[in-house]
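These notes concern the structure reproduced below.
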Amino acid sequence: MIHAVHVLDSLAVGGMENGVVNLINATRDHLRHTVVAMSARGPLSERLPASVAVHCIGKPAGLDLGAVLRLGRILRSLRPDVVHSRNWGALDTVVASRLAGIRTLVHGEHGREAKDPEGLDPRRNRLRRLLSPLVSRFVTVSFDLRRWLIATVRMPAHKVVTIHNGVDTSRFCPGDSAEAREALGLPIAATVVGTIGRLDPVKDQAGLIAAFAGLAGSEASPILAIVGEGPSRPALESEIRQRGLSDRVRLFGERRDVHRLLRALDVFVLPSRAEGMSNTMLEAMATGLPVIATDVGGNPELVEPDVTGRLVPSGDPNALEAALRVYVSDSYLRSQQGKAGRERVLQHFSLDRMAQAHRGLYTSLCRVQQTGEA
């Protein structure tokens, strides 16, 4: 059985971290897994099987040679068949793996950081290119990220593969909306618009609030549910008060029952200014919700305009308000596009499909390492 070690910054609540946990749970009968968290363990570690060990390096912010050496020692003791690191926060893994004598290394790109949403930082891209010869494959979760790695970072195209995120369609599925709303304290008869994500400027919940403000006095009297925690919370709370929306906008904080919360919504919105491949959007589509999303990153690869939802320009509250107005006022449109969205996920973005793609990648790379083939 192939032993895969997954290295990431932490198992905090987030889309990338959720994807790693989903992958491990979906392949635990076929692959042996270990997780190494660079900075902190994180709450999502609770969703891992008891058989999956989690090591924590305790790396502080910034460069830390000691953390690289500690990671190298852990990898040497584990002797995995393949190491799979993810995002900038775990790029140290490339050097640590070589120090540990590990030759099969996969590095995943799940989305660019808020401080560099276009991925143009020259220092970081030079380092990526410098380390490229030590990486067996780069895995992106969207074609947009693949194009960025090849065209902007200038990685060899043959080393870059795309494996879209997958969602558990048995857990995320249509259900009893009234029951979900009662559990969350939401009005049964209201139209509920919702978004889920870290409260961070790059996710632009402030833009969504601005767009929603134009609907608050409409005949439909919709409710906006915002789920997540993060540094933007105080500013968002202030914005809600200043706009007089305290009775129409609910901040639910961080939740562990996202599958139930999604069933309470009528429309899902992703107003991000930058995005890799949103797990939460896939979960919303699998739940049977139409999606309004900004036309950035991997979003156009998920949303089929006027079939499963609508794309709007990033940072344009007026366009977002217009889209919201259409969906809030048309229950038939919501129903039809929600059904189409679930069917799209079933066909193209299932958890099984993602798991099989990773198993195939690991197997092929290990075979190449064993045989010495190119």
- For the stretch 144-275, how big is Rg over Rh, using alpha carbon atoms and the Kirkwood form of Rh? 1.07
- Item | Volume in Å³ per residue [convex hull over Cα atoms, computed for the stretch 202-276] | 101 Å³
- Task: From zero up to wherever the largest Cα-Cα distance of the stretch 253-374 sits, split into 5 Å bins and tell me the percent of pairs in each.
- Result: 2, 11, 18, 19, 17, 11, 6, 5, 4, 3, 2, 1, 0
- Per the Kirkwood treatment, what hydrodynamic radius in Å, one decimal, follows for the stretch 73-163 from the mean inverse distance over all distinct Cα pairs? 13.4 Å
- Query: Which trypsin sites (Lys or Arg not before Pro) does the stretch 212-286 hold that lie in a coil by DSSP with at most 16 other beta carbons within 10 Å?
  - Reply: ARG243, ARG255, ARG256
- HN-Hα J couplings of the stretch 245-253 from phi, Karplus 6.51/-1.76/1.60, θ = phi - 60°, integer Hz, Gly and Pro as x? 10, 4, 8, 10, 10, 10, 9, 8, x
- Query: What is the distance, in nm, between label points placed 7 Å from the Cα along the Cα-to-Cβ direction at SER246 and at GLN370?
  - Reply: 6.5 nm
- Task: Pick out, from VAL202, MET38, GLN336, the residue whose Cα sits farthest towards the positive end of the charge dipole of the chain, with +1 on the Cβ of Lys and Arg and -1 on the Cβ of Asp and Glu.
- Result: MET38
- Message: Under a Cβ-only charge scheme (Lys and Arg +1, Asp and Glu -1), can you give me the dipole magnitude of the stretch 42-84 about the Cα centre, in debye to the nearest 20?
- Response: 140 debye
- Message: With +1 assigned to the C-beta of every Lys and Arg and -1 to the C-beta of every Asp and Glu, and no other charges, what is the dipole magnitude of the chain about the Cα centre in debye, to the nearest 20?
- Response: 1580 debye
- Task: Choose one of LEU149, VAL267, ALA100: the residue whose Cα lies farthest towards the positive end of the charge dipole of the chain (beta-carbon charges +1 Lys, Arg; -1 Asp, Glu; about the Cα centre).
- Result: ALA100
- Message: Treating the chain as a set of equal point scatterers at the Cα positions, no solvent, please give the Debye-formula log₁₀ I(q)/I(0) at q = 0.13, 0.14 Å⁻¹.
- Response: -1.04, -1.17
- Amide H to amide H under 5 Å from THR294: which residues, 5+ apart in sequence or cross-chain, H placed 1.01 Å off N in plane? LEU270, SER272, VAL312
- What part of the accessible area of the stretch 35-180, given as a whole %, is carbon or sulfur when the probe is 1.4 angstrom? 54 percent
- Message: Explain nothing, just the number: dipole magnitude of the stretch 147-245 about its Cα centre with +1 on each Lys and Arg Cβ and -1 on each Asp and Glu Cβ, in debye rounded to the nearest 20.
- Response: 620 debye
- Query: How much space per residue, in cubic angstrom, does the convex hull of the C-alpha atoms of the stretch 80-125 take up?
  - Reply: 73 Å³
- Query: Calculated FRET efficiency, ARG32 and GLU237, Cβ-Cβ r, R0 56 Å, to nearest 0.05?
  - Reply: 0.80
- Query: Which whole-number percent gives the relative contact order of the stretch 1-145, counting Cα pairs below 8 Å spaced six or more residues apart?
  - Reply: 22 percent
- Task: Starting from the amide H of VAL167, placed 1.01 Å from N in the peptide plane, find each other amide H under 5 Å away whose residue is 5 or more places distant or on another chain.
- Result: SER350, LEU351
- Loop GluC sites (Glu not before Pro), the stretch 223-301 (other Cβ atoms within 10 Å of the site Cβ: 16 or fewer; DSSP): GLU229, GLU254
- Show the residues, 5+ positions off or on another chain, whose built amide H is closer than 5 Å to the amide H of VAL249. LEU224
- How long are the three semi-axes of the equivalent ellipsoid for the stretch 188-238, computed from the Cα gyration tensor as the root of 5 times each eigenvalue, in whole Å, largest first? 21, 12, 8
- Task: Calculate, for the chain, the solvent-accessible area per residue in square angstrom, rolling a 1.4 angstrom probe over the heavy atoms of the protein chains.
- Result: 42 Å²
- Item | Expected 222 nm ellipticity per residue - DSSP helices of 4 or more, -39500 (n - 2.57), all of the chain, to 500 | -11500 deg cm²/dmol
- Message: Among THR27, LEU131, VAL167, whose Cα projects farthest towards the positive end of the dipole of the chain, with charges put on the beta-carbon of Lys, Arg (+1) and Asp, Glu (-1)?
- Response: LEU131
- Task: Report, in whole Å, the centroid distance computed from the Cα atoms of the stretch 1-70 and the stretch 119-193.
- Result: 17 Å
- Report relative contact order for the chain in percent, whole number only (criteria: Cα-Cα under 8 Å, sequence separation at least 6). 16 percent
- Item | GLU343/ALA178 FRET efficiency (R0 22 Å; Cβ-Cβ; nearest 0.05) | 0.35
- For the stretch 1-122, what number results from the quotient of the Cα radius of gyration and 2.2 N^0.38 Å? 1.01
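The values are calculated or read from the model by the stated rules, or taken from the named source; none is laboratory data. Since the model is a prediction, treat every value here as computed from it, not as a measurement. When we count neighbours, we look across all protein chains shown, and the Cβ atoms used for this are built from the backbone with ideal geometry, even at glycine. Accessible surface is based on the protein model in full, side chains and every heavy atom, while ligands, DNA and RNA are left aside. Shrake-Rupley method; radii C 1.70, N 1.55, O 1.52, S 1.80 Å.
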